Structure formats: C-alpha cells, structure tokens
C-alpha cells in the first residue's frame, strides 16, 4: 500500500503568507501541517509516500530530506533532542509535479505511474486526524474486508448542503451513490466525504479513461468514482477520532488551539489568555 499527498494547490485563502510558503508547511505550533499526514501514513504501515507538488514548492522536498550541516552542529553540541527533531521520517518519498492547475483528477494521474500497480491512500493536507487508530489504517481495514475503494466519512448532523454526501447502501458498508452539495432537505445521509480516500488500481484506470474524454477545464475524480460506485466497488468508513479542517484561516486557528490543548503547558497558556480577555 502506498500513500499520495496532494499538495499542488496555490493556497490562495492564506495569502499573502502562501505567496512564498506552501500552505502545507504552515505549522501547528512547531510542526508543519503536512507532517501530520506523513505520521499518519507511517503509523498505518505506509512507507512509500508520493507527494504531488507544483512550482515554488521545493521546500517540501527539502523538509523531508536530511540536513547534514544542522545534524553536524547538533551532534557536536550533544543535542540528541534536536537531532531527533530534524531527523527525516522513516519513509521513502517520491515527488511529482503538476505543471498546470487542471484539477485533482489530473493531479492524481501524474502520480499513477509511481504506484507500481498497488492500491493507495490519498490524503489532502487540509484534513488532519487525531485518534487512537490512524485514519489511513481505518480505511485499509475496510479495504482488506471488501477489496473496494474506500471513502472516509464524517457524520455531520447539521446542514450538509456544502459538501459531497455519501448515499450508503442498505448493508451500511458499500456506497450506492454520491451527491455533491445536495439542496438542503434532499441529502441522502449526513455522512460527508472528507479528504482521505483509498483507491484501488481500477480507480486509476477509470481516471485515465475519463481524462481521454475530458473536454477542458479542471478534471476531478468524480467520473472514476461514480463508475466504481455503479459497479458496487466503493465502500465507506465513518471515521473514528477527531478531524480538523485547516483549509481556511478560521479552521486553521481552531486546529492550532486543538493541538495546543493536548499539551498541558499550552493548555494553561490558553486558559490564562481567555481569562485575561474575559
């Protein structure tokens, strides 16, 4: 099983910061957002990770590489803690560029030749997961049970008209339909699709098939997904744990606070700040 991280977008919601810094490198305290996805993959047993990038994102390549000079400084100083902090993750990284912003379906096609016929978990770094079992592993468990592509879902009891909504099959495991932004009151469920997918090799064959007939503009994964749904080859998993959406500044701020709240020292700082403002 391989992992793909889609990190080619412009990140315009975070301008001007993202004029020079990839959105995926915006930190939650001291840890870049993309690192949470990499850690999730590794904890799930995925050691081959493909990152889809674009122009001006070479910093992603550098971040997951060794820094020999910095390591030498910390080694001389006997700073084992700093050495551990800058050590690259225990995974093999490959990078592919999307040279034109032509949609996520097009981006995934750039990575397909690197998969070697293996299924993969696809992650969008806007969605960060915390929980006892990594979200990628949750999807892999469903794949091992069904042999199907798997969608990660989050139950939202409120208005889901802004999301892609899953229409679950009666068995509660397979997907019989997928509705993008259904009018309020017409939604087939309250299970919304979030930025984690497990795709079989069949998905990528259908993705390429759809691309051949594509007539211009951005190309997404919906064609291939709907084809697999029609064949009964898509399952879904309502995620266990906490999902944080860092796709816009307000969600990013909330993610920082949630992450900080996990650490007693930062928790006390937040309490003190709120008390001063009360």
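Here, each number is a calculation from the coordinates, and none is a lab measurement. All of these numbers come straight from a predicted model, not from anything done at the bench. Cβ coordinates were reconstructed from backbone atoms using ideal geometry, including for glycine residues, and neighbour counts include every protein chain displayed.
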Problem - Check on residue 46, within 14 Å of residue 246 (Cα to Cα) and either part of a loop (DSSP other than H, G, I, E, B) or within 13 Å of the chain's Cα centre (by Cα) (or both) - result: no
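In the stretch 227-237, how many are touching a strand residue (DSSP E or B) at 6+ places or on another chain (Cβ under 8 Å) and exposed (fewer than 15 other Cβ atoms within 10 Å of the Cβ)?
Just the residues of the stretch 227-237 that are touching a strand residue (DSSP E or B) at 6+ places or on another chain (Cβ under 8 Å), to begin with: 228-229, 232-237.
With the extra rule that they be exposed (fewer than 15 other Cβ atoms within 10 Å of the Cβ), the set shrinks to 232.
Within the stretch 227-237, residues that are touching a strand residue (DSSP E or B) at 6+ places or on another chain (Cβ under 8 Å) and exposed (fewer than 15 other Cβ atoms within 10 Å of the Cβ) number 1.
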Exercise for the section: Please state which of the following conditions residue 260 fails to meet, knowing it meets all the rest: (1) under 22 Å from the mean Cα position of the chain (by Cα); (2) surrounded by 15 or more Cβ atoms within 10 Å (Cβ to Cβ); (3) not in a helix (DSSP H, G or I). Expected result: (3)
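Would you point out the residue of the stretch 5-54, among those that are under 17 Å from residue 107 (Cβ atoms) and without any contact (Cβ under 8 Å) to a residue 40 or more places away in the chain, that is surrounded by the fewest Cβ atoms within 10 Å (Cβ to Cβ)?
Here is the first cut: in the stretch 5-54, the ones under 17 Å from residue 107 (Cβ atoms) are 5-12, 22-24, 34, 37, 49-54.
Among the residues that remain, those that are also without any contact (Cβ under 8 Å) to a residue 40 or more places away in the chain are: 11-12, 22.
Details: 11: 20, 12: 9, 22: 26.
Only one residue fits best here, namely 12.
Which count do you get for residues in the stretch 182-192 that are loosely packed, with under 15 Cβ neighbours inside 10 Å and closer than 18 Å to residue 236 by Cβ? Full working, then the answer.
Restricting attention to the stretch 182-192, the residues satisfying the condition of being loosely packed, with under 15 Cβ neighbours inside 10 Å are 183-186.
Narrowing the set further to residues that are closer than 18 Å to residue 236 by Cβ leaves none.
So the count comes out to 0.
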Exercise for the section: Keeping to the stretch 193-224, report how many residues are assigned to a loop (DSSP other than H, G, I, E, B) and either on the phi < 0 side of the Ramachandran plot or surrounded by 15 or more Cβ atoms within 10 Å (Cβ to Cβ) (or both). Expected result: 7
